[in-house]
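Asks: The structure under discussion is supplied below as C-alpha cells; questions concerning it will follow.
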Amino acid sequence: MEPDEGISEQDVRDLMDVFTRVPSLVLKMMVKRNENVVRTFETQVMDHYQHLTPEERIKVGKVLEIPVSELQRILQNVYLETHQKQLKILADPSAEPFITQNLQELRKILNESPL
C-alpha cells in the first residue's frame with residue numbers, strides 16, 4: 001500500500017481475523033457499554049503493533065485518519081459480502097462512539113510509544 005492510498009474494502013477482508021477474534025455477542029456488549037478495549041488491552045495492542053510490517057503500520061495510520069463514517073461504510077460493504085456479524089455490529093451507526101473512543105485511545109498510545 002502506498003502512503004497516499006486510503007483503506008479499502010480489500011484491506012478489511014485481509015484483516016478479517018482481527019474482527020472475528022471477538023465473538024459477536026461479546027463485541028455487541030462492548031459496543032453497547034462503549035468500552036475502551038484499547039486501554040484494557042494496551043499491552044497486547046502494543047505487542048501486536050511492534051510486529052507489524054511497515055506497510056501494515058501505514059494501514060493503521062490510515063485507519064486513524066479516516067472519518068469514522070467512512071470506516072463504517074467500508075465495514076458495511078464488506079459485511080454485505082461476508083455476512084460476518086462483527087462487521088455488522090461495527091458498521092451500525094450506534095457503534096460510532098465506541099469506534100471513535102477506541103481510535104482516539106489507539107492514537108494516544110501510539111503517540112506516547114517510543115516505536
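Asks: Which residue is modelled with the lowest pLDDT, if the candidates are limited to the range 29-64 and must be among the charged types (D, E, K, R) and either under 15 Å from Asn102 (Cβ atoms) or in contact with a Gly (Cβ under 8 Å, 6 or more places away or on another chain) (or both)? Quick ask: steps written out before the conclusion?
Replies: To start, the set of residues in the range 29-64 that are among the charged types (D, E, K, R) comprises 32-33, 35, 39, 42, 47, 55-57, 59, 62.
Now restrict to residues that are either under 15 Å from Asn102 (Cβ atoms) or in contact with a Gly (Cβ under 8 Å, 6 or more places away or on another chain) (or both): 32-33, 35, 39, 42, 62.
Numbers: Lys32: 98, Arg33: 98, Glu35: 97, Arg39: 94, Glu42: 93, Lys62: 89.
Among those residues, the one meeting the criterion is Lys62.
Asks: Name the residue that is nearest to Val45 (Cα to Cα), counting only residues in the range 75-98 that are surrounded by 20 or more Cβ atoms within 10 Å (Cβ to Cβ) and not small (Gly, Ala, Ser).
Replies: Filtering the range 75-98 for residues that are surrounded by 20 or more Cβ atoms within 10 Å (Cβ to Cβ) and not small (Gly, Ala, Ser), the one nearest to Val45 (Cα to Cα) comes out as Phe98.
Asks: Could I ask something else about it? If I filter the range 1-48 down to residues being outside any helix (DSSP H, G or I) and of a type in the set (Gly, Ala, Ser), which single residue comes out as surrounded by the most Cβ atoms within 10 Å (Cβ to Cβ)?
Replies: Out of the qualifying residues, it is Ser8.
Asks: Can you find a residue in the range 49-56 that is of a type outside the set (Asp, Glu), touching a residue at least 60 places away in the same chain (Cβ under 8 Å), assigned to a helix (DSSP H, G or I) and surrounded by 13 or more Cβ atoms within 10 Å (Cβ to Cβ)?
Replies: Scanning the range 49-56, I find at least one residue that is of a type outside the set (Asp, Glu), touching a residue at least 60 places away in the same chain (Cβ under 8 Å), assigned to a helix (DSSP H, G or I) and surrounded by 13 or more Cβ atoms within 10 Å (Cβ to Cβ), so the answer is yes.
Asks: Going through Glu81, Glu55, Glu96 one at a time, which residue ends up being more than 12 Å from the chain's Cα centre (by Cα) and closer than 24 Å to Leu110 by Cβ?
Replies: Matching residue, one of Glu81, Glu55, Glu96: Glu55.
Asks: What number of residues within the range 57-69 satisfy the criterion of being within 23 Å of Ser94 (Cβ to Cβ) and in contact (Cβ under 8 Å) with a residue 24 or more places away in the chain?
Replies: Summing the residues that are within 23 Å of Ser94 (Cβ to Cβ) and in contact (Cβ under 8 Å) with a residue 24 or more places away in the chain in the range 57-69 gives 5.
Asks: List every residue pair whose Cβ atoms lie under 8 Å apart, where the two residues are 6 or more positions apart in sequence or sit on different chains, the first residue falls within the range 26-42 and is over 20 Å from Leu64 (Cβ atoms) and charged (D, E, K, R), and the second residue, located anywhere, is at pLDDT 95 or above and surrounded by 13 or more Cβ atoms within 10 Å (Cβ to Cβ).
Replies: Lys28/Ile89
The values are calculated or read from the model by the stated rules, or taken from the named source; none is laboratory data. Model, not experiment: these values are computed from the prediction. Note that we place each Cβ from the backbone using ideal geometry, even for glycine, and neighbour counts take in every protein chain shown.
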